[in-house]
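Below is one structure, written out as structure tokens; the observations come after it.
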Amino acid sequence: MKVSVFIAASLDGFIARSDGGLDWLEAAPDPDEDYGYAEFMARVDVLVMGRVTFEKVTTFPEWPYAGKRVIVLSRLLRELPAVYQERAELRRDLPADLVEHLRREGCTRVYVDGGLTIQAFLDAGLITDLTLTRIPVLLGSGIPLFGPLDRDVRLQHQATRAYASGYVQSTYTLAPV
Ligand SMILES: NC(=O)c1ccc[n+]([C@@H]2O[C@H](COP(=O)([O-])OP(=O)(O)OC[C@H]3O[C@@H](n4cnc5c(N)ncnc54)[C@H](OP(=O)(O)O)[C@@H]3O)[C@@H](O)[C@H]2O)c1
């Protein structure tokens, strides 16, 4: 089973401003280019996101994951807001337990999203591949993609593609721990 990250970050490594703002990302220079997102999503059978990312998505004009299984991880939330209960499942498993649970269910590709959530799955040695799109902007501060780790995490570079927009996308694989 693949456990994948597909994310955009500023050149200095932030995935959102400190207040969660994504304006720097939404002002895309080439709105017709999706940087492989639709193709990636087509192969995902479950999206696992952190509670903070979920709350950001709930501010979007529409739920972008219609037809896709979504799991929201939170220890704080007791239940999802009513309108999202049909759209997503709330869980609080340890990353390794969740991955094992999804593997037993027959999932083939899990998409892990949200900074702290990605960090926890990386630290647990569960991420198998990471696609990082670097946006040529320095934000100076914000919500970081990466954070402290108990040990080094080595990645194997697979490919890098530079887009005319200046976005640079690199794909890495990781040896599962
Ligand atoms: N640039 C991009 O492509 C991109 C992509 C995704 C997200 N974002 C942005 O990144 C920001 C969110 O990232 P973030 O690092 O702040 O947070 P996050 O990873 O989205 O959410 C963190 C929260 O997830 C919950 N969580 C994580 N692992 C858990 C586990 N194993 N069990 C139970 N709960 C768990 C906890 O919620 P509780 O506190 O409720 O316990 C934790 O506080 C948002 O602004 C979002 O818009 C950007």
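What follows draws every value from the coordinates through simple rules; no lab data is involved. This structure is a prediction, so every number in the text was calculated from the model and none was measured. Every residue, glycine as well, gets a Cβ built from its backbone with ideal geometry; the counts of neighbours run over all protein chains shown.
Full extension of the chain between ALA175 and MET41 gives 46.0 nm of extra length, using 0.36 nm per residue less the Cα-Cα distance. Set against the 2.2 N^0.38 Å expectation for a compact globular protein, region 76-128 has a Cα radius of gyration ratio of 1.23.
As a ratio to 2.2 N^0.38 Å, the alpha-carbon radius of gyration for region 2-174 is 1.01. Taking the charge dipole of region 63-177 about its Cα centre, with +1 at Lys and Arg Cβ atoms and -1 at Asp and Glu Cβ atoms, the residue from THR108, ILE135, VAL72 reaching farthest to the positive side is ILE135. For region 2-174, a simple Cβ point-charge model (Lys and Arg +1, Asp and Glu -1, everything else neutral) yields a dipole of about 460 debye relative to the Cα centre. Ordering of 31-41, 113-123 by packing is 113-123, 31-41, highest average first (other Cβ atoms within 10 Å, averaged per residue). Taken one residue at a time, the phi angles of region 40-54 give Karplus couplings (6.51, -1.76, 1.60, θ = phi - 60°) of 5, 4, 4, 9, 8, 9, 8, 9, 10, 10, x, 4, 5, 5, 4 Hz. Gly and Pro are set to x. Our summary gives the chain a relative contact order of 35 percent, counting only alpha carbon pairs under 8 angstrom and 6 or more residues apart. Cβ-to-Cβ counts within 10 Å put SER141, SER170 in ascending order as SER141, SER170, the fewest first. Of the residues TRP63, ALA38, VAL3, the one whose Cα sits farthest toward the positive end of the charge dipole of region 1-138, with +1 on the Cβ of Lys and Arg and -1 on the Cβ of Asp and Glu, is VAL3.
In this simple spin-label approximation, LEU149 and ASP19 carry label points 7 Å from Cα along the Cα→Cβ vector, and these lie 3.3 nm apart.
Modelled spin-label separation between TYR163 and LYS2, with each label point placed 7 Å from Cα along the Cα-to-Cβ direction: 1.8 nm.
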